[in-house]
Structure formats: structure tokens, C-alpha cells
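One structure is given here, and the rest of the page talks about it.
FYI, it's all coordinate maths here, none of it is from the lab. What you see is a predicted model, and the numbers here were worked out from it, not measured in a lab. With ideal geometry, Cβ positions are generated from the backbone for all residues, glycine too; neighbour counts draw on all protein chains shown.
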Amino acid sequence: MKAWILEKQSNIEDRPLKMTEVPAPVPGEKEVRVKIQACGICRTDIHIAEGDLALKKSSLILGHEIVGTVDELGTGVKNLKKGDPVGISWLYSTCGRCGYCVEGKENYCPGFIATGWDVDGGFAEYITINEDFALSLKGIHMDPEDSAPLLCPGIAGYCAFKLTDLKKGQRLGLFGFGPTAFYVLKAACYLGIEVFVSTRSSASKKEARENGAVWVGNVMEEKIPESMDAAIVFPPAGALVEPALRRLKIGGILVLAPVSMSVIEIRNYSGNLWGRDVRTLYNVNKAEAQEFLDIAGKIDLRMPRKVFSFEELQDAMIQVKKGEIREPNAVIKISSG
């Protein structure tokens, strides 16, 4: 099969990935092989390619926003059949035995295996995965190029949203409005939650209004008119944390979604933090991921994306790094089915 291989980390402008022919993977026990139709480009892929994250194996196939169809079954597969549409996310596998896994909190498993980092990912024609970690895309009436971003910003956003413990009729604040926040907004509105969005971007303000936000503004310049039951901060900007806490009710929950964050300073503990909870998103949970994908089959979650051919992958990654793509998502089309 054709695959893009990373052997040595370097600036993406140096084109460290090489397209080559490698043996197609063969599914083992309880594994399925997936013929990949599309794979989204995540900035994490760039961080791994450039060395911001340590290289776990060499050579490596990057990519973890994978959409495809099952094309071969290993022994003992019970819940999937050939032709089934599936997605593969950052969560490739876990140990299944530790306390976290037993409690359904496998995102905390010390044996967490990440797709496209610990094991080969989706910038290839085929991938194998244990059937228990392949996510069903049945009922999602979207092109693979539209579905691929659901497997990272979509799932991550929903897992962050689940940490808020919100219920119908309550209020949610979103600080920052990229693709991840877009998916949270759509899911929260579907579930009957009022959403207030703070963003600096005029284009993002327009998009948030058009997709159901009851208030849109910039919290650094104006006051949100209502107190929130919960809020999520998406940018890695520690300066946003106290303004977000300030708008929470006593008993409210603040979720920090980034994997890293600049310095956080709370100047008014008693007024802004006391009586409120701060939680952080740590990897993704398969039950919540599937729950989000089930919602995706009921509402329109399409958003602008730029599609590149398989051969254009490295050019696309350079454009993503430089911010040259106007669309929120960049996706590689690998096959038509």
C-alpha cells in the first residue's frame, strides 16, 4: 500500500515525510482492516513531525482523524462486518484491565495507545484496529471528507462538554471559537443548552450566531449578560481562565480543553474561584466518542473544509502550519470507497 512515512523529525517545510510502498497490514485476532477514505490533518501531526512531541517509533505513519470502511476481518470479530463505515480517533487502544479501564475512564489509562503516534495512523491506504476501538459511523450521512474532523475536534470537544455535567435549560460559555467549539455549540444546542460565545474573530462571531449561540462577543472587552452554569476554555491562553471563572455561578464548572496552557493566575480567589470547580480534558473516552457520533447522525455538523489529494499531504501540512488555509479544517482524500 501507499503511505506517508516519517523517519526523522524536522521542520515540516523540510518535507520530512516520504510517500512510499509498504506492506498492507493484516488484521489479527479481534482486529479489522479499514480501507481509509479520508484523514484530517491535526496540528498534533505537525508537532510530532517537527519534534515538539517525542517520536515514539520510527518509521511512523501519522494521522488520527480517520474515516473508512471495513475491508477485512481478523479471527474472532463479532460486531463488525465487511463494508461497515467506521472512524478511528486518537484513542487506538488501552490495557482494558486497570482501574480506569474497568470504570470506563480509559482516557486515563497508563497504557493509552495513541493513533499516529504510538502506532501507525491514517496517512495511508489501510490501517488495522481492534474492533472494540473502531467507532461506528452508521447513520452519519456525510461525505468522508466532512466526517473526518469529527474524529478529533468533534470528539475532543464533546468529551470536554461532558465534563461540564450540564443539563437541558442550563447555560454554557465557550471561550474561543474554532472547529472544536463549533461542534460543542451544535451538540449543546441540540441538547437544549443555551450557549454564550466569546471570541475576537469577526468571522467566528458570525458563524457562532448563525449556528445557535444566544450571545456572541469578546469577554475581554464586554460583559457576558448572564452567569454561566459551566464554561469551556479552548485556546491555550491562561489569561482567559479568570475571566471565564468570573462569569460562573457558585457551583459552576470550568473545563480547560487545551493540552498545554500559558501561565494561569487567579488574582481574586474568593470572588472568582472559591466554590467553583476546574477540570481538564485528558485524552478521549470511547463511550463519549460514540455518543457524539450518534448525535452527528441526527444533526448537520458539516463545516467548511479544504480537501487535498493524497499526494498533496505534505503541501497541505505546510499550509496548515503557516495559517494559509481559510477553511477551519484540512482533509486528505485517500480513496473513494
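Per-residue ellipticity at 222 nm from helix content only, as computed over the chain with -39500 (n - 2.57) for each DSSP H run of at least four residues, stands at -6000 deg cm²/dmol. 3J(HN,Hα) couplings calculated from phi for the range 61-74 with the Karplus curve 6.51 cos²θ - 1.76 cosθ + 1.60 (θ = phi - 60°) are, in sequence order, 9, 7, x, 9, 10, 9, 10, x, 10, 5, 10, 7, 10, x Hz; Gly and Pro show x. Taking amide H atoms as placed 1.01 Å from N in the peptide plane, the amide H of residue 252 lies under 5 Å from those of 277, each 5 or more residues away in sequence or on another chain.
Seen from residue 71, the other residues with C-beta closer than 9 Å to its C-beta sum to a net charge of +2, counting Lys and Arg as +1 and Asp and Glu as -1.
Close amide H partners of residue 71, meaning residues 5 or more places away or on another chain with modelled amide H under 5 Å apart, are 33, 34, 35, 83. Using only alpha carbons, the range 130-215 has a radius of gyration to Kirkwood radius ratio (Rg to Rh) of 1.00.
Each Lys and Arg adds +1 at its Cβ and each Asp and Glu adds -1 at its Cβ; summed about the Cα centre, the chain shows a dipole of about 800 debye.
When ranked by the protection proxy of mean other Cβ atoms within 10 Å per residue, highest first, what sequence do the peptides 326-333, 39-46 form? Walk me through the intermediate numbers first.
On the way: 326-333: 19.5, 39-46: 23.5.
Final packing ranking: 39-46, 326-333.
Pairwise Cα distances in the chain exceed 35 Å for 22 percent of all pairs. Against the chain, whose longest principal axis is taken from its Cα atoms, helix 313-322 shows a tilt of about 20°. Note on residue 205: aspartates and glutamates with a C-alpha under 17 Å away, same-chain residues under 8 apart excluded, are 194, 221, 222, 327. Each label was represented as a point 7 Å from its Cα along the Cα-to-Cβ direction; for residue 336 and residue 206 these points are 3.4 nm apart.
Could you tell me whether the range 243-289 comes out rounded, prolate or oblate from its Cα gyration tensor? Rule is a ≥ b ≥ c as square roots of the eigenvalues, rounded for a/c under 1.5, then prolate if a/b exceeds b/c, otherwise oblate.
Values: a/c = 3.44, a/b = 1.66, b/c = 2.07.
Note, shape of the range 243-289 comes out oblate.
Angle between the Cα long axis of helix 179-190 and the longest principal axis of the chain, 0 to 90 degrees, nearest 10? Its long axis makes an angle of about 70 degrees. Applying the Karplus relation 6.51 cos²θ - 1.76 cosθ + 1.60 with θ = phi - 60° to the range 205-211 yields 3J(HN,Hα) values of 4, 4, 5, 5, 4, 5, 10 Hz, where x marks Gly and Pro.
If I stretch the segment between residue 118 and residue 263 completely, what's the gain in nm (0.36 nm per residue apart, minus their alpha carbon distance), one decimal?
Working: separation 145, 0.36 × 145 = 52.20 nm, distance 2.90 nm.
Answer, rounded to one decimal: 49.3 nm.
Taken about its Cα centre, the range 164-280 carries a charge dipole of about 120 debye when Lys and Arg each add +1 at the Cβ and Asp and Glu each add -1 at the Cβ. Remark: the Cα gyration tensor places the range 263-337 in the oblate category, a/c being 1.5 or greater and a/b not exceeding b/c. Seen from residue 331, the other residues with C-beta closer than 15 Å to its C-beta sum to a net charge of -3, counting Lys and Arg as +1 and Asp and Glu as -1. Each residue of the range 299-307 was assigned a 3J(HN,Hα) from its phi angle through the Karplus curve 6.51 cos²θ - 1.76 cosθ + 1.60 (θ = phi - 60°); the sequence is 9, 7, 10, 5, 9, x, 8, 9, 9 Hz, with glycine and proline shown as x. Across all Cα atoms of the range 164-280, the radius of gyration (one decimal) and Dmax (whole number) stand at 13.0, 37 Å. Extension gain, residue 21 to residue 214: 0.36 nm times the residue separation minus the Cα-Cα distance gives 64.4 nm. Would you please classify the overall shape of the range 80-181 from the alpha carbon gyration tensor, given that a ≥ b ≥ c denote the square roots of the eigenvalues, rounded means a/c under 1.5, and beyond that prolate means a/b larger than b/c while oblate covers the rest? The shape class here is oblate.
Grab the other residues whose beta carbon is less than 12 angstrom from that of residue 37, score K and R as +1, D and E as -1, and report the net.
On the way: positive: 35, 333; negative: 65, 71, 125, 143, 145, 146.
Net charge in that neighbourhood comes out at -4.
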